[in-house]
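Input: a single structure, listed below in structure tokens.
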Amino acid sequence: MTDHSDDIDSTLPQVVQDFLRSGATLQEIRLNARGNWTHEGLIFENKRIIDLFSRSVGRTEGGTWVLEIGRFTYPIVVEDTGFFVERVDWSDDPPPLLLSDRSEEMLDLDTLTYQSGGRLYCRVKQGDFRARFKRSAYHSIIDHLQERDGEIVIAIGDREKTLISTDERESTDHF
């Protein structure tokens, strides 16, 4: 039997570290790349549990994603990012975002990035975390995009930011 105690995040609560060092395994709770919660591969359907988990996402100083519910801390698997943009109010400048944890933040346009495969991200939580735009929030951006000289540019108020440049468009799928 291999000792994986060196792999255990020392910033997890001691009780969790002791449990893992004993050789026990945790049931897998996963936040997938689309923002869906699963338990041992099965998608959660209970809205209250989904909302509770989404409000309880945290990360230890050692980098382990966890659910923090009261005094309870449970390590989880996060495929992409721990936070998702649920909704954007593009009528305001800067646009307010509703995040998956039900917090609201203003979009910092400078942090908006596009990645191939239709993935749009921005920085949240004082820039400490990335948030991925869920499908409806992602599609809501379309009215603010312009194509100019082979680039896709977002325009909000008097500010603009290039999301996809000519070089990137040749090597990736895009909006």
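Please treat every number below as a calculation from the coordinates, not as lab data. Nothing here was measured: the structure is a model prediction, and the numbers come from that model. Positions of Cβ are backbone-derived with ideal geometry, glycine not excepted, and every protein chain shown enters the neighbour counts.
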Rounded to the nearest 500 deg cm²/dmol, what is the calculated helix-only ellipticity per residue at 222 nm for the chain, with -39500 (n - 2.57) per DSSP H run of length n ≥ 4? -4000 deg cm²/dmol
List the GluC sites (Glu not before Pro) within the range 1-65 that DSSP assigns to loop and that have no more than 10 neighbouring Cβ atoms inside 10 Å. Glu40, Glu45, Glu61
Can you tell me the Rg and Dmax of the range 39-119, counting just the alpha carbons, in angstroms? 14.7, 42
Listed candidates [x] 69; [y] 58; [z] 62 - label of the one calculated as percent of Cα pairs over 19 Å apart: [z]
How would you rank Trp37, Trp90, going from fewest to most other Cβ atoms within 10 Å of each one's own Cβ? Trp90, Trp37
Can you tell me the FRET efficiency between Leu145 and Ser22 if r is taken as the Cβ-Cβ distance and R0 is 41 Å, rounded to the nearest 0.05? 0.20
Which whole-number percent is the relative contact order of the chain (Cα, under 8 Å, 6+ apart)? 14
Here the alpha-carbon Rg of the range 5-78 over 2.2 N^0.38 Å rounds to 1.11
